[in-house]
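Remarks on the structure that follows.
The values are calculated or read from the model by the stated rules, or taken from the named source; none is laboratory data. Just so we're clear, the structure is a prediction, and the values are computed from it rather than from any experiment. When we count neighbours, we look across all protein chains shown, and the Cβ atoms used for this are built from the backbone with ideal geometry, even at glycine.
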Amino acid sequence: MLGPPGSGKGTRAQIISELYKLPVITTGGMLRGAVSEGTDCGVEAQSYMDKGELVPDKIVNGIVRERFQKPDVEKGFILDGYPRNMFQAEFLDKILAERGIDLTHVILVVLDDRIIVQRLSKRRSCPKCGAIYHLESKQPKKHGLCDNCEAKLVQRDDDKEEVIKHRLEVYAKQTAPLIKKYRDQGVLVEISGEVPFDNIRDNLKEILG
Ligand code: AP5
């Protein structure tokens with residue numbers, strides 16, 4: 001899943017995971033997990049995440065390599081939020097080549113920055129299972145509680161307006177160049193982040209078959 005912060009990558013990754021029974025590998029989620037557990041890697045990552053900067057490649061590539069050791073990736077997987085720059089993309093190419101895996105789709109979610117800022121300020125997420133909600137367009141069944149695990153929903157620390165703006169700049173500078181790489185590879189599929197919630201599932205099925 002490729003696209004600016006808040007475009008809807010995580011929402012779609014969860015739907016694809018349900019549809020095709022595939023694990024989601026989310027570097028943002030794994031890093032937030034490390035932060036809440038207070039591991040060394042989490043402590044180092046937090047200072048970058050709070051500012052909306054990319055966490056150093058060495059840390060992120062390390063956690064991705066470790067994640068690829070788990071057997072569940074063998075039947076397929078969804079990468080959400082990785083790679084995020086050319087160095088990470090080349091690192092991923094190496095991991096995939098070692099395992100004889102081809103990327104089938106790189107889904108680019110396109111959404112206007114103005115809508116992104118509005119959406120992220122009203123996002124809430126589950127700290128336990130990672131489910132994503134929105135105060136207006138995707139409310140949980142019980143106010144403030146996750147539908148899956150009833151944990152109390154939280155607002156992410158990096159969803160403050162000034163940090164969101166910086167994350168968008170970082171995306172434009174460091175991540176957007178990957179669009180050309182994957183377009184040249186013939187795997188890029190562009191979708192609109194404005195597709196209403198009720199139609200996202202069908203939209204993804206059309207693309208993925
Ligand atoms: P990460 O967790 O990956 O965040 P991000 O890329 O900034 O993306 P988001 O999770 O904010 O948004 P999303 O596109 O998934 O949108 P969502 O589906 O939630 O990264 C966080 C930080 O970790 C980074 O800044 C960096 O520091 C670090 N990091 C992570 N990976 C890294 C890497 N590879 N290298 C280095 N550092 C890394 O949707 C947003 C909102 O919109 C939700 O409320 C949702 O309900 C709502 N919404 C979604 N779709 C719709 C719709 N169709 N209609 C209405 N509302 C909708």
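Quick check on my filter: what residues within the stretch 126-154 are at pLDDT below 95 and of a type in the set (S, T, N, Q)?
Answer for the stretch 126-154, where residues must be at pLDDT below 95 and of a type in the set (S, T, N, Q): just Ser137.
Check Ala34 against each of (1) within 7 Å of the ligand (Cβ to nearest atom); (2) in contact with a Gly (Cβ under 6 Å, 6 or more places away or on another chain) and name the one condition it does not meet.
(1)
Given (1) assigned to a helix (DSSP H, G or I); (2) in contact (Cβ under 8 Å) with a residue 24 or more places away in the chain, identify the lone condition not met by Ser47.
(2)
Considering the stretch 63-95 alone, what residues qualify as being of a type outside the set (A, V, I, L, M) and either within 11 Å of the ligand (Cβ to nearest atom) or touching a Gly at 6+ places or on another chain (Cβ under 7 Å) (or both)? Break it down stepwise before answering.
Of the stretch 63-95, the ones of a type outside the set (A, V, I, L, M) are 65-72, 74-77, 80-85, 87-88, 90-91, 93-94.
Asp80, Gly81, Tyr82, Pro83, Arg84, Asn85, Phe87, Gln88, Phe91, listed by residue number.
Can you find, within the stretch 96-131, the residue that is farthest from Glu194 (Cα to Cα) among those that are within 10 Å of the ligand (Cβ to nearest atom) and part of a helix (DSSP H, G or I)?
Just the residues of the stretch 96-131 that are within 10 Å of the ligand (Cβ to nearest atom), to begin with: 109, 111, 115-116, 118-125, 130-131.
From what's left, part of a helix (DSSP H, G or I): 115-116, 118-121.
Values: Ile115: 9, Ile116: 10, Gln118: 13, Arg119: 11, Leu120: 14, Ser121: 17 Å.
Taking the candidates together, the pick is Ser121.
Note down all Cβ pairs under 6 Å where the first residue falls in the stretch 19-38 and is closer than 15 Å to Ile132 by Cα, the second is outside any helix (DSSP H, G or I), and they're at least six residues apart or on different chains.
Partner pairs satisfying both residue conditions: Val24/Ile78; Val24/Asp80; Thr26/Asp80; Thr26/Gly81; Gly28/Gly81; Gly29/Gly130.
Taking the condition hydroxyl-bearing (Ser, Thr, Tyr), under 20 Å from Glu53 (Cα atoms) and in contact with a Pro (Cβ under 6 Å, 6 or more places away or on another chain), does Tyr171 pass?
Working: hydroxyl-bearing (Ser, Thr, Tyr): yes; under 20 Å from Glu53 (Cα atoms): yes; in contact with a Pro (Cβ under 6 Å, 6 or more places away or on another chain): yes.
It is true that Tyr171 is hydroxyl-bearing (Ser, Thr, Tyr), under 20 Å from Glu53 (Cα atoms) and in contact with a Pro (Cβ under 6 Å, 6 or more places away or on another chain).
Which condition number does Leu79 fail, the rest of (1) among the hydrophobic types (A, V, I, L, M, F, W, C); (2) assigned to a helix (DSSP H, G or I); (3) in contact (Cβ under 8 Å) with a residue 12 or more places away in the chain being met?
(2)
So which residues in the stretch 1-39 are surrounded by 18 or more Cβ atoms within 10 Å (Cβ to Cβ), farther than 16 Å from Tyr171 by Cα and of a type in the set (Lys, Arg)?
Arg12, Arg32
Which one of Glu161, Glu90 is of a type in the set (Asp, Glu) and at pLDDT 95 or above? Steps first, please.
Numbers: Glu161 fails: at pLDDT 95 or above.
None of the others qualify; the one that does is Glu90.
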